[in-house]
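Reading through the structure tokens given below for one structure.
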Amino acid sequence: MKFVISGAFQPPQHLIPLAKAAEEAGYEAIAFSDHAVYPETLDTPYPYTEDGTRRYDENTEFPDPWVVAGTLSAVTTRLRFTTNAFVLPMRNPYLAAKQVATAAAMTNNRITMTIGVGWSKVEFGLVGQEFERRGRRADEMLALMRKLWSGEFFSFEGEFYRCERLKMTPPIPTAPIPVWVGGISDMALRRAARNDGWLSDLQTSAEILESIQKIRGYRKAAGKSSDGFDVLASASDAHGVDAYRKLGDGGVTHVLTMPWAFYHGITGELDKKIDGIKRYADDVIAKMR
């Protein structure tokens with residue numbers, strides 16, 4: 001099992017020392033969240049809390065994940081970078097393909113693109129993207145982006161996007177870019193099953209394992225093996241070696257964690273975050289090996 005640090009809500013000036021500490025301590029990756037703006041008033045409820053309020057406030061920082069990945073790759077050699085999650089249908093697919101391919105080139109293929117379809121209608125409107133059919137658009141965007149990443153000339157005729165013969169100019173990824181899908185709806189699980197991995201929300205172990213079984217069923221129905229399918233999970237009730245091993249037995253391959261929270265709570269102090277990263281590596285990661 002591999003361990004991924006949640007870089008969500010962290011001040012940009014903390015990310016370089018956190019990434020260095022994570023690599024030294026043996027973590028697999030660091031993940032970054034994605035929002036463009038903070039609307040004072042929501043026009044759609046936040047879907048991951050019971051009362052629809054956000055888990056973050058107006059002062060929470062959301063640096064661009066691909067800029068961050070490129071920056072952190074310059075001070076690390078092994079650590080991977082992913083998103084939690086990149087709101088793909090809020091973007092233009094040609095520009096998104098270029099961004100992600102550039103990040104892959106700058107990091108020497110240390111990128112996993114974890115996508116979500118988004119929930120904030122007002123953000124979609126601000127960037128000029130349609131909100132209502134965002135899931136179907138996301139599926140088509142992935143098909144188009146994979147063709148762009150091929151480096152070959154192609155034409156494309158879809159429901160939302162069309163182009164005559166073209167190819168994306170370098171950088172072209174020199175290794176496949178894994179695509180994981182976040183979300184807990186049935187549509188999100190089906191979308192994950194069509195791709196390379198799934199990202200859970202903060203859920204119980206039982207909920208996570210139930211979702212994995214659904215995904216495996218969808219893959220089997222499509223004639224796909226679940227061997228090599230990745231699951232990045234954040235379990236609200238799993239905090240130690242035995243609990244993580246149970247998740248691993250059920251198909252979880254990566255644990256998403258904010259390790260300092262176990263020792264210092266949700267702290268803003270950088271030295272306590274780094275201490276938590278090191279202590280968690282000794283208490284959990286080393287024993288999982």
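The values are calculated or read from the model by the stated rules, or taken from the named source; none is laboratory data. For clarity, every value in this text was computed on a predicted model and none was experimentally measured. When we count neighbours, we look across all protein chains shown, and the Cβ atoms used for this are built from the backbone with ideal geometry, even at glycine.
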Q | Residue among 214, 224, 278, 246 that alone is in contact (Cβ under 8 Å) with a residue 12 or more places away in the chain and closer than 21 Å to residue 20 by Cα | A | 278
Q. All but one of (1) touching a strand residue (DSSP E or B) at 6+ places or on another chain (Cβ under 9 Å); (2) buried (at least 21 other Cβ atoms within 10 Å of the Cβ); (3) not in a strand (DSSP E or B) hold for residue 177; which doesn't?
A. (2)
Q. For residue 211, all conditions in the list (1) part of a helix (DSSP H, G or I); (2) small (Gly, Ala, Ser); (3) loosely packed, with under 12 Cβ neighbours inside 10 Å hold save one; what is the number of the exception?
A. (3)
Q.
List the residue pairs whose Cβ atoms are under 9 Å apart, where the first residue sits in the range 82-96 and is closer than 23 Å to residue 164 by Cα and charged (D, E, K, R), the second is assigned to a helix (DSSP H, G or I) and modelled with pLDDT of 95 or more, and the two are 6 or more positions apart or on different chains.
A. 91/99; 91/141
(Q) I'm trying to understand the selection: among the residues of the range 24-46, which are in contact with a strand residue (DSSP E or B) (Cβ under 9 Å, 6 or more places away or on another chain) and either under 23 Å from residue 184 (Cβ atoms) or charged (D, E, K, R) (or both)? (A) 28, 29, 30, 31, 32, 33, 34, 35, 36
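So for the range 159-172 (the condition being hydrophobic (A, V, I, L, M, F, W, C), farther than 26 Å from residue 46 by Cα, part of a loop (DSSP other than H, G, I, E, B) and without any contact (Cβ under 8 Å) to a residue 60 or more places away in the chain), does at least one residue qualify?
Keep residues of the range 159-172 that are hydrophobic (A, V, I, L, M, F, W, C), which gives 160, 163, 166, 168, 172.
With farther than 26 Å from residue 46 by Cα added as a condition, the list becomes 160, 163, 166, 168, 172.
Still in the list and also part of a loop (DSSP other than H, G, I, E, B): 160, 168, 172.
Keeping just the survivors that are without any contact (Cβ under 8 Å) to a residue 60 or more places away in the chain gives 160.
Yes.
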Q) Among (1) of a type in the set (S, T, N, Q); (2) surrounded by fewer than 18 Cβ atoms within 10 Å (Cβ to Cβ); (3) in contact (Cβ under 8 Å) with a residue 24 or more places away in the chain, which single condition is residue 10 missing? A) (2)
Q: Tell me, yes or no, whether the range 188-197 has at least one residue that is modelled with pLDDT of 95 or more and in a strand (DSSP E or B).
A: yes
Q: Give the number of residues within the range 214-229 that are surrounded by 13 or more Cβ atoms within 10 Å (Cβ to Cβ), of a type in the set (D, E, K, R) and not in a helix (DSSP H, G or I).
A: 1
Q) residue 126 fails exactly one of the following numbered conditions: (1) at positive phi; (2) surrounded by fewer than 16 Cβ atoms within 10 Å (Cβ to Cβ). What is the number of that condition? A) (1)
(Q) Can you tell me which condition residue 147 does not meet? The list is (1) crowded, with 16+ Cβ neighbours inside 10 Å; (2) more than 20 Å from the chain's Cα centre (by Cα); (3) in contact (Cβ under 8 Å) with a residue 60 or more places away in the chain, and all the others hold. (A) (3)
Q. Within the range 55-78, is there a residue that is surrounded by 21 or more Cβ atoms within 10 Å (Cβ to Cβ), part of a loop (DSSP other than H, G, I, E, B), on the phi < 0 side of the Ramachandran plot and in contact with a Phe, Trp or Tyr (Cβ under 9 Å, 6 or more places away or on another chain)?
A. no
Q. Across the range 68-91, what is the number of residues that are farther than 18 Å from residue 22 by Cβ and of a type outside the set (Phe, Trp, Tyr)?
A. 6
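Regarding residue 42, is this residue assigned to a helix (DSSP H, G or I) and either in contact (Cβ under 8 Å) with a residue 40 or more places away in the chain or surrounded by fewer than 20 Cβ atoms within 10 Å (Cβ to Cβ) (or both)?
It is false that residue 42 is assigned to a helix (DSSP H, G or I) and either in contact (Cβ under 8 Å) with a residue 40 or more places away in the chain or surrounded by fewer than 20 Cβ atoms within 10 Å (Cβ to Cβ) (or both).
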Q: Pick out the one residue from 216, 191 that is within 16 Å of residue 142 (Cβ to Cβ) and not hydroxyl-bearing (Ser, Thr, Tyr).
A: 191
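Filter the range 244-272 for residues that are of a type in the set (Phe, Trp, Tyr) and within 29 Å of residue 210 (Cα to Cα); which is surrounded by the fewest Cβ atoms within 10 Å (Cβ to Cβ)?
My answer is 262.
Can you tell me which residue is surrounded by the fewest Cβ atoms within 10 Å (Cβ to Cβ) among those in the range 18-39 that are in a loop (DSSP other than H, G, I, E, B) and hydrophobic (A, V, I, L, M, F, W, C)?
So the residue we want is 37.
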Q | Enumeration of residues in the range 253-277 that are under 14 Å from residue 5 (Cα atoms) and of a type in the set (A, V, I, L, M) | A | 255, 256, 258, 261, 266, 274, 277
